[in-house]
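What follows is a short report on a single structure.
Each value in this text was obtained by applying a stated rule to the coordinates, not by laboratory testing. All of these numbers come straight from a predicted model, not from anything done at the bench. Here the Cβ positions follow ideal geometry from the backbone for every residue, glycine too, while neighbour counts run over all protein chains shown.
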Amino acid sequence: MRQAEVSRNTLETRITVRLNLDGSGQSSFATGVPFLDHMLEQIARHGLIDLEVKAEGDLHIDAHHTVEDIGITFGQALARALGDKKGLRRYGHAYVPLDEALSRVVIDLSGRPGLEFHVDFKRAMIGAFDVDLIHEFFQGLVNHALLSLHIDNLRGDNAHHQAETVFKAFGRALRAAVESDPRAGASIPSTKGTL
């Protein structure tokens, strides 16, 4: 079973992430950041990943540490659940629209961290949520899951729609990348023999 549970405790945050890559999209969130909960639900539902996130952070300051550390912990759990990556498709991509917004996400489970994030949000805040934190979430995830991730919002006028298409497309692309490739058997999808 490709499952993992990781806890991260610092002076700023206490976070636990549980995930099952072979789930059905079940999710449960208690992060104290409602908009992030809504975005994480998109990853679970569209990625068919069972995902549970519990977080307590220094929200009296702002949501930065909490959102970044959730990304870090999610990345650590993802890396653990993927194991040696034998027999995986490795690559995944998705285009997702929501009304006027359209985003593309491309993933390579490469074993090397790399983030290209190109989202020109039309406003700085979505309710009480600072859109800069979306980049921080994905940077933390990429650094600790050791994957290459390209995120491009191709168009959009509504910041909520822009963000939601990014998270939905990430879920869809991740779902494709972590799928088993029946033709690959137990081989590593790399000429290096390792990822």
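Quick notes
- From least to most packed, judged by other beta carbons within 10 angstrom and beginning with the fewest, Leu174, Leu146 follow the order Leu146, Leu174.
- Each Cα pair under 8 Å and six or more residues apart adds its separation to the average, and for segment 1-40 the resulting relative contact order is 32 percent.
- For the chain, adding -39500 (n - 2.57) for each run of n ≥ 4 DSSP H residues and dividing by the number of residues yields -11500 deg cm²/dmol at 222 nm.
- Relative contact order (%) - segment 3-178, alpha-carbon pairs under 8 angstrom, separation at least six: 28 percent
- Taking the chain as the region of interest, the number of lysine pairs whose Cα atoms are within less than 30 Å, with members eight or more places apart or on different chains, is 9.
- Using the Cβ-Cβ distance between Asp22 and Glu100 with R0 = 25 Å, the FRET efficiency computed as 1/(1 + (r/R0)^6) comes to roughly 0.15.
- Across the chain, Cα-Cα pairs farther apart than 29 Å form 17% of the total.
- About the Cα centre, charge dipole magnitude for the chain (Lys/Arg +1, Asp/Glu -1 at Cβ), debye: 980 debye
- Euclidean distance between Cα centres, segment 64-124 to segment 1-30, Å: 16 Å
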